[in-house]
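Have a look at the structure below, then the notes.
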Amino acid sequence: MFGVYVHVPFCLRRCDYCAFATWDDRGHLIDDYVAGLLRELATLDLAPASSVFFGGGTPSLLAPAQLGSVIDAITRLPGAEVTVECNPDTVDAGKLAGYRDAGATRVSLGVQSMVPHVLAALGRTHLPANVERAVDGIGAAGFASWNLDLIYGSVGESLADWRHTLEAALRLSPPHVSAYGLTVEAGTPLAADPSRHPDDDDEADKYVLADELLGAGGLDSYEVSNWARPGHECAHNQLYWSQGDYRGIGCAAHSHQSGRRWWNVRTPERYLAMLAAGESVEAAGEDLDRPTQALEGLQLALRTRRGVPAAALDTEGIDELIEARGDRLVLTRQGRLLANEVALRLRPDG
Ligand code: SF4
């Protein structure tokens, strides 16, 4: 299994909580940037990809022909998953159909909330009606697999608001839902305003509600923040969680191969300048020693429903947080709430 991640560092407007490598004043670079992606790909001899993921940023700022040119430049295995992250504000039925024709197989829609005042608090520009329109377009384009991305925990979001978001999302019959607790990232407007920081207990209540409602809606938890109908799990994310090899294309994109991690230069300008000069776009990297690889592998596996080998976890006093499945230990719902604490008990050489 081998994955390709393509970073698209452009957004129409920056959301208050976002620390990703993305810019809202560089749209004029999109054409050059797509040419840069093709140039970077042309310098590489990659294994055929089992999955491709266009993330960002807002990949749906690319025209279908631009997306298609990058997909075509990536050798893929038959049946490879090709996901495009889309913003409800920047897709319509025509663009989604164009993406499908261009080779995309899966759409991940950045919904975050279905409550207008919560969207406003997050600094998002779309309205719930845009989400419904986008989902209609996803269906009309023939995408069988797609995801709704949700965020809970913003200030002013009541438990009833979050229930409304979950129920409205479920009415759209998504095959996959990702739900993340809002986190405070350094350097963001959210970080600068402590009065808007999320509350741990509130987020825990919202996680439990999400797991109850999504589970009742036929979506199984397969990773702490991800739920899917059987057969609709995201192959690309599963590759990350199993320490697979992947190559990141574009500025700020991260790669991993056989225990080595590296990442590209952060800004699109620098990325394009280095490509034009015929230089490597790699900014830095690190080699992971065997113990680090083993520990990271267990930390990732613990967050999934695959769990970890029984011998790899000190279970004393945490009966409510884990359950045995065969010879492996898997987090319970309570355990998923405390996944980071449980991970401190992992024993890579256990
Ligand atoms: S649309 Fe997504 S990537 Fe762009 S600023 Fe908002 S959260 Fe960040």
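Just so it is clear, none of the values below were taken in a lab; they were calculated from the coordinates. Owing to the predicted nature of the structure, the values given are computational and were not obtained by experimental measurement. So basically every Cβ, Gly included, is an ideal-geometry build from the backbone, and we count neighbours across all protein chains shown.
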- Message: Report for the chain the percent antiparallel among DSSP-assigned beta bridges with both residues inside it, nearest 5.
- Response: 40 percent
- If every Lys and Arg gets +1 and every Asp and Glu gets -1 at its Cβ, then about the Cα centre the stretch 296-350 yields a dipole, in debye to the nearest 20, of 340 debye
- Item | Label-to-label distance, nm, for residues given as SER158 and ASP327 (7 Å Cα→Cβ offset) | 5.2 nm
- Query: Can you give the direction-averaged projected area of the convex hull of the alpha-carbon atoms in the stretch 66-151, in nm²?
  - Reply: 5.7 nm²
- Task: With unit charges on the beta carbon (Lys/Arg positive, Asp/Glu negative), name the residue among VAL107, LEU346, PHE20 whose Cα is farthest towards the positive pole of the charge dipole of the chain.
- Result: VAL107
- Item | Per-q log10 I(q)/I(0), the stretch 1-122, q = 0.17 Å⁻¹ (Debye; single scatterer per alpha-carbon; no solvent) | -0.88
- Message: How would THR43, THR304 line up from fewest to most surrounding beta-carbon atoms within 10 angstrom?
- Response: THR43, THR304
- Message: How would HIS197, HIS164, HIS256 line up from fewest to most surrounding beta-carbon atoms within 10 angstrom?
- Response: HIS197, HIS164, HIS256
- Across all Cα atoms of the stretch 208-350, Rg and the largest Cα-Cα distance (Dmax), in Å, are 18.6, 58
- Within the stretch 332-350: backbone nitrogen closer than 14 Å to the ALA204 label point (7 Å, Cα to C-beta): 333-342
- Would you kindly compute the Cα radius of gyration of the stretch 289-339 and its largest Cα-Cα separation (Dmax), both in Å? 10.7, 33
- Counting Lys and Arg as +1 and Asp and Glu as -1, each charge on the Cβ, what is the dipole of the chain about the Cα centre in debye, to the nearest 20? 780 debye
- Query: Taking the Cα centre of each part, how many Å lie between the stretch 83-115 and the stretch 269-324?
  - Reply: 28 Å
- Item | Neighbour-count order for ASP161, ASP32, ASP101, fewest beta carbons within 10 angstrom listed first | ASP101, ASP32, ASP161
- Set the Förster distance to 51 Å, then compute FRET efficiency between ASP349 and ASP136 from the Cβ-Cβ distance, nearest 0.05. 0.45
- How high is the relative contact order of the stretch 1-144, given as a whole-number percent (alpha carbon pairs under 8 Å, six or more residues apart)? 24 percent
- Message: Between GLU286 and GLU316, what is 0.36 nm times their sequence separation minus the Cα-Cα distance? Round to one decimal in nm.
- Response: 7.4 nm
- Message: Need one number: nm distance between label points at ARG266 and ALA144, each 7 Å from Cα along Cα→Cβ, rounded to one decimal.
- Response: 4.2 nm
- Task: Report Rg/Rh for the chain, rounded to two decimals, where Rg is the Cα radius of gyration and Rh the Kirkwood radius.
- Result: 0.95
- Over the stretch 142-227, the quotient of the Cα radius of gyration and 2.2 N^0.38 Å is 1.15
- Query: Any idea how far apart GLU185 and ALA65 come out in nm if each label point goes 7 Å out from Cα toward Cβ?
  - Reply: 3.2 nm
